[in-house]
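Structure first, then comments.
The values are calculated or read from the model by the stated rules, or taken from the named source; none is laboratory data. Keep in mind it's a predicted model, so treat the numbers as computed, not measured. Backbone-built Cβ (ideal geometry, glycine too); neighbour counts: all protein chains shown. Just the protein is used for accessible areas: all its heavy atoms, side chains included, with ligands, DNA and RNA removed. Shrake-Rupley method; radii C 1.70, N 1.55, O 1.52, S 1.80 Å.
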Protein chains: 2
Amino acid sequence: MGKGEQTRQLIVDRALTMAQRIGLEQVTLGVLADELDLSKSGLFAHFKSKEQLQLEVVAEAVARFTSTVILPALKAPRGLPRVQQLFEGYLRWIDSASGSSAHTGGCILMAFSYEYDDRPGPVHDAIQKAMQDWLDCIARVAKTAVDAGELAAGLDVKQFAFEFDGLLMAFHHAFKLHRNPRAEPMARKALAHLLERSTPTR
Amino acid sequence: MGKGEQTRQLIVDRALTMAQRIGLEQVTLGVLADELDLSKSGLFAHFKSKEQLQLEVVAEAVARFTSTVILPALKAPRGLPRVQQLFEGYLRWIDSASGSSAHTGGCILMAFSYEYDDRPGPVHDAIQKAMQDWLDCIARVAKTAVDAGELAAGLDVKQFAFEFDGLLMAFHHAFKLHRNPRAEPMARKALAHLLERSTPTR
DNA sequence: ACACCAAAAGCACGGTCGTGCTTTTACCTC
DNA sequence: GAGGTAAAAGCACGACCGTGCTTTTGGTGT
């Protein structure tokens, strides 16, 4: 629990920041060390390989996503509020990842998933699992809304999660790549459409 | 119009294929030359810099997308059929990009946009433009359906394009990252939902 | 068939990559 | 404050990076 663990955390944090701008595979031990005023070998001594550093960076990203998006949502009351909070949490996630110069950042997990979707290995597996967990989480939360009678009884929650996720990706795309200021209102409208359709007929 | 242009095309093609697996930034002149049985310098002589090669690769990807997705859709009758054909074209695009070992490939433009969304430069600009054109195309096609009275008169076509695009991204995600065999049926259902909601009330 | 010119190769360069060593520094415990 | 241990640095390595040259090859037009 000494200094080692502390600098190790510093390294992972900085590597994550750097990966957000240039991609995880482009984060090089040399420039990472420079940026942290460390020697390359001093930095490397904390990890048994570059791949392990990458894995820790992915794990850190997942942990941040969980604490920023998922945990807060699970504190909301079961049912629709929770669905709503998943949405709000994701917006917060994209926003908080945006640097001061605006619109840098974005969903690092999305970026990772595109970077590694055709690169087999532990990194790919970790990302795939995180994304699957996210989809499952959406579906599970939707199920609580169904059980509460706030969403239609026959709702296909997997389908719901599919469309919910798509809407968030569209938001991310509009916000991040196109710098479209209407990204958020459009996302809210899309969510309204989705919820409206999934409402119980009475 | 001689042999030079031909090998140049061969290089760009192969670079695109490679970029699909490992990312454009990871396509290195050395391994590209090896794969084509060329010398590194012989290959390099065709381009004044690596960035120019990257730009040509992006241009090639855009050209393929246009001829696979957009042009065929524009041959369909104006209105709903065209919207439907944009959807079918995108599915074909993802499918055709899938290698023999199944599920490699995917939407290379999407991958590029995530790779370069925080890397300013000509490559970023080219990709951003291509994506904007795609969104505009969706909106324009939707407009033809509105004019034909096949979609609701008051429909916000930008919003429609936003949600249409999100649905395709969800499909891509499910198909590519999760290897979910239900990706296509889920996408069709999502499209049905979107169209249903956009139908004129009568 | 020959000359010409484009295409490819050969070679070299400074730099950086990831990863092993050994050596020095700095922190924590008595 | 001294001693031991953990952390960081120093150094070296083979390999590969992108990019310039010069030289050789080979296709084409006459």
Subject >> Around A:Val69: net Lys/Arg minus Asp/Glu count, Cβ-Cβ under 13 Å >> reply: 0
Subject >> Nearest-20 debye value, the range B:54-198 charge dipole, Cβ charges on Lys, Arg, Asp, Glu >> reply: 440 debye
Original post:
Is the shape of the range A:64-144 best called rounded, prolate or oblate, per the rule: a/c under 1.5 gives rounded, else a/b larger than b/c gives prolate, else oblate, with a ≥ b ≥ c the square roots of the Cα gyration tensor eigenvalues?
Top reply: oblate
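Let me make sure I get this right: for the protein assembly as shown, a, b and c are the square roots of the gyration tensor eigenvalues over alpha carbons, sorted descending. Under 1.5 in a/c it's rounded, otherwise prolate if a/b > b/c, else oblate. Which is it? Numbers along the way, then the final one.
Working: a/c = 2.11, a/b = 1.16, b/c = 1.81.
Oblate, because a/c is 1.5 or more while a/b does not exceed b/c.
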Subject >> Inter-site label distance for A:Ser67 and A:Gln6 at 7 Å from Cα along Cβ, in nm >> reply: 1.8 nm
**OP:** May I ask you to report, in nm to one decimal and beginning with the shortest, the distances from B:Ser67 to the same position in the other copies, taking label points 7 Å along Cα-to-Cβ?
**Re:** 5.1
Subject >> Position B:Arg140, label points 7 Å along Cα→Cβ, spacing to each other copy in nm (shortest first, one decimal) >> reply: 4.6
Subject >> Cα centroid of the range B:53-82 to Cα centroid of the range B:118-144, whole Å >> reply: 12 Å
Original post:
Which value, in Å² rounded to 10, gives the accessible area of B:Ser49 with a 1.4 Å probe and all protein chains present?
Top reply: 40 Å²
**OP:** Please report the relative contact order for the range B:54-198, taking Cα pairs under 8 Å with a sequence separation of at least 6, and give it as a percent rounded to a whole number.
**Re:** 23 percent
**OP:** Compute the label-point distances linking A:Asp37 to its equivalents in the other copies; points lie 7 Å from Cα along Cα→Cβ; give nm, one decimal, shortest first.
**Re:** 5.5
**OP:** Please give the helix B:80-96 orientation as an angle from the longest Cα principal axis of chain B, in degrees from 0 to 90, rounded to the nearest 10.
**Re:** 30 degrees
Subject >> Listed residues A:Phe47, A:Met18, A:Gly89: farthest to the positive end of the dipole of the range A:1-159 (Cβ charges) >> reply: A:Gly89
Original post:
When all protein chains stay in place, what accessible area (Å², nearest 10, 1.4 Å probe) is found for A:Ile22?
Top reply: 40 Å²
**OP:** About the Cα centre of the range A:109-160, how large is the charge dipole given +1 on each Lys and Arg Cβ and -1 on each Asp and Glu Cβ? Please answer in debye to the nearest 20.
**Re:** 80 debye
Subject >> Solvent-accessible area lost in complex, 50 Å² minimum, residues of the range A:112-130 relative to chain alone, 1.4 Å >> reply: A:Tyr114, A:Asp117, A:Asp118, A:Arg119, A:Gln128
Original post:
Along the charge dipole of the range A:49-198, Cβ charges K/R +1 and D/E -1, which of A:Pro120, A:Leu151, A:Pro185 sits furthest on the positive end?
Top reply: A:Pro185
Original post:
So for the pair A:Arg182, A:Val31, with labels modelled 7 Å out along Cα→Cβ, what separation do we get in nm?
Top reply: 3.6 nm
Subject >> Area hidden from solvent between A and B (accessible, protein heavy atoms only, 1.4 Å, total, Å²) >> reply: 4000 Å²
**OP:** Report the charge-dipole magnitude of the protein assembly as shown in Debye, nearest 20, computed about the Cα centre from +1 at each Lys and Arg Cβ and -1 at each Asp and Glu Cβ.
**Re:** 740 debye
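With a 1.4 Å probe and all protein chains left in place, how much of the accessible area of the protein assembly as shown comes from carbon and sulfur atoms, in whole percent?
Carbon-and-sulfur percentage of accessible area, whole number: 55.
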Original post:
Any idea of the accessible area per residue across the range A:126-202, 1.4 Å probe, to the nearest Å²?
Top reply: 42 Å²
Original post:
Rounded to the nearest 500 deg cm²/dmol, what is the calculated helix-only ellipticity per residue at 222 nm for chain A, with -39500 (n - 2.57) per DSSP H run of length n ≥ 4?
Top reply: -22000 deg cm²/dmol
Original post:
If B:Leu195, B:Leu71 are ordered by their accessible area, calculated over protein heavy atoms with a 1.4 Å probe, which sequence runs from highest to lowest?
Top reply: B:Leu71, B:Leu195
Original post:
Can you give the angle from 0 to 90° between the axis of helix B:50-65 and the longest principal axis of chain B, with both taken from C-alpha atoms, to the nearest 10?
Top reply: 30 degrees
Original post:
Over 28 Å between Cα atoms, which of B:Lys48/B:Lys129; A:Lys48/A:Lys176; A:Lys48/A:Lys129; A:Lys158/B:Lys176; A:Lys3/A:Lys40 qualify?
Top reply: A:Lys48/A:Lys176
